[in-house]
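One structure below.
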Amino acid sequence: MSKILDKINSPSAIKALSQSELTQLCSELRELLVSRVTENGGHLASNLGVVELTVALHRVFDSPKDKIIWDVGHQSYVHKLLTGRREQFSSLRQHNGLSGFPDPNESPHDAFTMGHGGTSISAALGMALARDLAHDNYHVVAVIGDGCLTCGMAYEALNHAGYLGTKLTVVLNDNGMSISPTVGAIAKQLNMLRAGYQYKQAKERTRRLLSLMPGGKKLHWVLRRLKEGAKAVIIPSTMWEQLGFTYFGPINGHNITDLETALKQARDYPKPVIIHVMTTKGKGYKPAEADPVRFHSLPPEDDISGAIPTYSEVFAQTVGKLLRDNPRIVAVTAAMAEGNGLSALVPEFPHRIYDVGISEQHAVTLAAGLATQGFIPIVAIYSTFLQRGFDQIIHDVCLPDLPVIFALDRSGIVGEDGKTHQGIFDLSYLSLMPNMIVSAPKDENELQHLLYTALDTSHPMAIRYPRGQGVGVALATQFHKVPIGKGEVIRQGKDIAILALGSTVMPSLEAAHKLGEQGIDVSVINARFAKPLDAELILELANYTKKIITVEENVLSGGFGTAVLELLGKFGIPDIKVKRLGIPNEFVEQGSQRLLRSNYNLDAEGIARQVIALFPEFGKDSPEKFGAALTSRN
């Protein structure tokens with residue numbers, strides 16, 4: 001039996017399909033999603049939930065002339081399949097393959113780069129205003145998940161759009177989830193609207209029943225008048241209307257006919273409209289429907305797993321111990337309680353762990369408020385998302401010098417999520433802030449000790465750690481304090497010194513062993529702190545070896561290596577050669593962590609090659625031959 005999906009090479013191809021063909025198409029889309037995402041990894045449950053919605057959008061609107069913006073962009077896989085990228089779908093999230101998020105460089109059907117949540121309505125309003133200024137006639141649609149309505153930026157945009165009255169369609173994809181169930185007062189409001197959908201279904205059943213009874217029409221008229229008084233209580237849509245939007249819904253997000261009707265009404269309406277669509281996360285795949293949190297994002301099939309805990313797991317275990325020992329400690333996260341491991345602690349500490357939703361700015365200033373009253377807040381946010389709280393960290397935490405601890409999960413290269421999610425800027429943007437201490441553990445055991453150390457610094461302190469498993473060291477049962485601003489000599493050598501930070505320490509140590517086999521005596525320093533630097537140790541090494549290499553999984557601009565250069569320049573060390581290894585001033589594309597680290601010379605082989613390239617006097621062979629020799633011994 002031929003597949004309908006095989007014939008879909010553009011959105012126009014689905015406009016003439018019959019209802020039975022549409023049903024088959026949706027089934028085929030789900031089948032392909034499950035097959036490909038379970039193999040490559042990626043966001044499964046959210047995409048299963050928007051199959052019918054995506055089909056309906058492309059039947060009603062004309063992409064790419066009409067602009068469809070997906071928020072968050074991880075729910076755009078079906079959109080990619082319907083917009084000419086079916087043949088490339090096997091490369092999803094692979095190096096040089098399709099992105100897991102909308103990317104205008106990938107397709108004109110991707111109207112906006114969408115990797116961080118809550119930005120779609122602002123972008124859509126900007127496009128709608130540009131349309132009006134240019135006297136054009138295209139439509140603009142923002143598809144925003146209910147989890148993104150915990151983001152303050154979304155309300156700033158709604159407020160402005162309603163005030164302007166600009167023609168715009170906002171589709172609220174309401175599945176009650178972000179990664180975990182959506183939190184906050186807005187979630188409660190949407191629960192009432194979902195109840196309203198159930199009410200509408202009950203009303204229709206009552207109308208049909210009364211029409212079959214003697215005198216039923218008159219009774220129905222009386223009930224309708226009573227309904228008008230109850231409607232405002234049962235369906236509190238006035239929230240949207242007070243913002244200047246006309247509200248349609250709730251709509252069954254898995255009924256294409258109902259969806260098309262609502263979308264056409266919105267398309268032809270001259271003012272801003274919000275369509276409330278209810279979907280089931282994981283729809284059509286029983287394991288994902290039963291556990292949408294687990295199936296929100298899957299790792300690739302070949303990801304290594306085993307007994308070694310991840311940094312996230314060690315972080316959560318450590319925080320649990322700290323919470324039990326000190327009642328003044330609290331934890332704050334921004335819709336990432338599942339990812340950073342804190343969700344397992346919520347039942348034990350329901351009043352000391354705060355998930356604020358996708359509201360990083362609020363999370364930071366909330367923590368600042370807690371710190372002013374003698375509490376010790378641990379703010380656990382992925383590196384890429386903490387960027388959104390930049391001003392709050394400077395103004396609300398660093399300026400008053402408050403003891404807020406920032407735990408930056410997924411720092412450095414994160415892999416297949418690609419350029420919107422790589423945590424490669426935090427060393428740079430945090431190190432420039434006065435009063436901020438910036439650290440990175442060499443392994444999961446040191447992560448425990450740095451968290452313990454941060455409790456008594458009396459200053460803001462950031463601890464960045466990578467995505468994935470630790471290095472497999474034994475975890476200490478008792479924590480100890482690490483001297484602030486002091487590095488650790490883990491290998492002594494007379495020829496050259498490698499100053500490594502965080503996830504680059506172990507590859508640097510491995511590189512030193514390999515270089516030692518070639519007769520090159522290398523010191524390896526676990527810097528531990530990007531700020532303050534261990535100036536005494538660095539200057540001693542510089543004067544002794546006159547050859548320094550810094551290694552960091554961060555952009556070189558403003559990073560750890562730059563700080564070392566500034567230190568050496570300040571003290572005027574003569575005749576010193578310095579090489580900084582890190583990431584150029586660019587966005588890092590998707591690919592496995594191993595591949596990307598290799599591409600940027602941040603693995604053991606790359607570090608060793610760079611040593612020989614910078615200091616050829618140490619090697620008899622060329623860097624190319626030396627690299628080949630290293631590879632042959634692996």
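Does anyone have the angle between helix 216-234 and the longest principal axis of the chain? Alpha-carbon axes, 0 to 90°, nearest 10? The helix 216-234 is inclined about 20 degrees to the chain. Restricting attention to the range 311-466, close to 5% of DSSP beta bridges with both partner residues there are antiparallel.
Anything over 25 Å Cα to Cα? Flag those among K167/K264; K65/K167; K3/K264, in the order listed. Those over the limit are K3/K264. Work through the residues other than N543 whose Cβ is under 12 Å from its Cβ and net out their charges, Lys, Arg +1 and Asp, Glu -1. That sum, taken over residues with Cβ under 12 Å, equals -1. Across all Cα atoms of the chain, the radius of gyration (one decimal) and Dmax (whole number) stand at 27.6, 103 Å.
Using equal-weight Cα scatterers in the Debye expression, the normalised intensity of the range 1-135 in log10 at q = 0.09, 0.21 Å⁻¹ is -0.26, -1.34. Classification of the range 515-560 by its C-alpha gyration tensor yields an oblate form. The axis ratio a/c (a ≥ b ≥ c) is 1.5 or more, and b/c is at least a/b. Relative to the longest principal axis of the Cα atoms of the chain, the long axis of helix 311-325 lies at roughly 90 degrees. Relative to one another, the C-alpha centroids of the range 420-487 and the range 594-608 are positioned 22 Å apart. Modelled label-to-label distance, S90 and D291, 7 Å Cα→beta-carbon offset: nm? Taking the simple label geometry, S90 and D291 are separated by 2.9 nm.
Mean residue ellipticity at 222 nm, helices only, the chain: -12000 deg cm²/dmol; runs of at least 4 DSSP H residues each add -39,500 (n - 2.57), and the sum is divided by the number of residues.
Fully extending the segment from Y544 to D521 would add 7.0 nm, taking 0.36 nm per residue of separation and subtracting the current Cα-Cα distance.
For H351 and N105 in the same chain, what is the full-extension length gain: residue separation times 0.36 nm, less their Cα-Cα distance, in nm? Separation in residues times 0.36 nm, less the Cα-Cα distance, equals 84.1 nm. With contacts taken as Cα pairs under 8 Å and at least 6 residues apart, the chain reaches a relative contact order of 11 percent.
Which three semi-axes in whole Å describe the equivalent ellipsoid of the range 434-488, each the square root of 5 times a Cα gyration tensor eigenvalue, listed largest first?
Whole-Å semi-axes of the equivalent ellipsoid: 20, 13, 9.
Over the chain, what is the percentage of antiparallel beta bridges among all DSSP beta bridges, to the nearest 5?
Around 15 percent of the beta bridges assigned by DSSP in the chain are antiparallel ones.
Pairs of alpha carbons in the range 489-632 separated by more than 19 Å make up 48% of all such pairs.
Once you reduce the range 537-567 and the range 151-165 to the center of their Cα atoms, the two points are 46 Å from each other. Peptides 255-268, 127-140, 545-558 ranked from most to least packed by the mean count of surrounding Cβ atoms within 10 Å: 545-558, 255-268, 127-140.
Nearest 5 is fine: what % of DSSP beta bridges in the range 489-632 come out antiparallel, could you say?
10 percent
Computed over the range 347-471, relative contact order equals 26 percent, with contacts defined as Cα pairs under 8 Å that lie 6+ residues apart.
For the range 311-466, the C-alpha radius of gyration divided by 2.2 N^0.38 Å, with N the number of residues, is 0.92. Helix 604-614 and the longest principal axis of the C-alpha atoms of the chain enclose an angle of approximately 50°. Identify, among Q242, L98, L501, the residue whose Cα sits farthest towards the positive end of the charge dipole of the chain, taking +1 on the Cβ of Lys and Arg and -1 on the Cβ of Asp and Glu, with the dipole about the Cα centre. It is Q242, whose Cα lies furthest towards the positive end.
Laboratory data are not the source of any read-out in this text; all were calculated from the coordinates shown. Computed from a predicted model, the values in this text were never measured in an experiment. So basically every Cβ, Gly included, is an ideal-geometry build from the backbone, and we count neighbours across all protein chains shown.
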